[in-house]
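Asks: Sharing a structure here in structure tokens format.
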Amino acid sequence: MIKEVKVPDGMQWANIVDEIETTVEDTGMIIWVGSADGRYAMPWRQFKSMFYDTEYRVQGGYCALASDLVVAMDDGSWYEQADNGYFYHRWPPQLQPGFRPFEKATGQGSSSLEELNEDD
């Protein structure tokens with residue numbers, strides 16, 4: 001499940017802390033903010049204090065926010081912002097009970113594994 005939160009149309013500037021607080025339903029779950037690879041990071045409180053007045057440019061499909069910035073949550077999920085101005089809430093993949101092997105991994109269009117391997 002992906003949660004999309006669109007930066008308001010026509011917005012020229014966005015406050016980074018406000019955007020995170022608006023997007024994340026429970027900011028008490030934020031552990032750290034930093035790069036996706038974890039090489040640059042700081043606790044949420046420190047980030048919030050340091051960047052409370054920082055704004056970044058958002059226009060059309062352009063967003064000046066660091067491309068690898070993530071907001072790491074205490075449940076293992078994270079938020080990331082794509083170039084289109086959407087924040088995406090991501091979870092690590094989970095192996096499901098009753099999983100099945102598959103025979104097809106490619107097809108026309110952008111089909112899912114389920115669509116490619118449905119029993120006809």
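Asks: Roughly what would the spin-label model give for residue 68 and residue 40, points 7 Å off Cα along C-beta, in nm?
Replies: My value for the distance between the label points is 0.8 nm.
Asks: Now for a different question. If you stretched the chain out fully between residue 22 and residue 119, how much longer would it get, using 0.36 nm times the residue separation minus the C-alpha to C-alpha distance?
Replies: On the way: separation 97, 0.36 × 97 = 34.92 nm, distance 4.28 nm.
Full extension of this stretch gives 30.6 nm more.
Asks: Taking H placed 1.01 Å from N in the peptide plane, check which residues at least 5 places from residue 32 or on another chain put their amide H under 5 Å from its amide H.
Replies: 44, 72
Asks: Taking 0.36 nm per intervening residue step and subtracting the Cα-Cα distance, what contour gain separates residue 111 from residue 82 on full extension? Provide the component values of the computation, followed by the final result.
Replies: On the way: separation 29, 0.36 × 29 = 10.44 nm, distance 2.16 nm.
Gain on extension, residue 111 to residue 82, equals 8.3 nm.
Asks: I'd like to compare 76-82, 41-47: which one has the highest average count of other Cβ atoms within 10 Å, and what's the full order after that?
Replies: Working: 76-82: 17.0, 41-47: 15.0.
Going from most to least packed, we get 76-82, 41-47.
Laboratory data are not the source of any read-out in this text; all were calculated from the coordinates shown. As the structure is a computational prediction, the values presented were derived from the model and not from experiment. Glycine also receives a Cβ, built like all others from the backbone with ideal geometry; neighbour counts cover every protein chain displayed.
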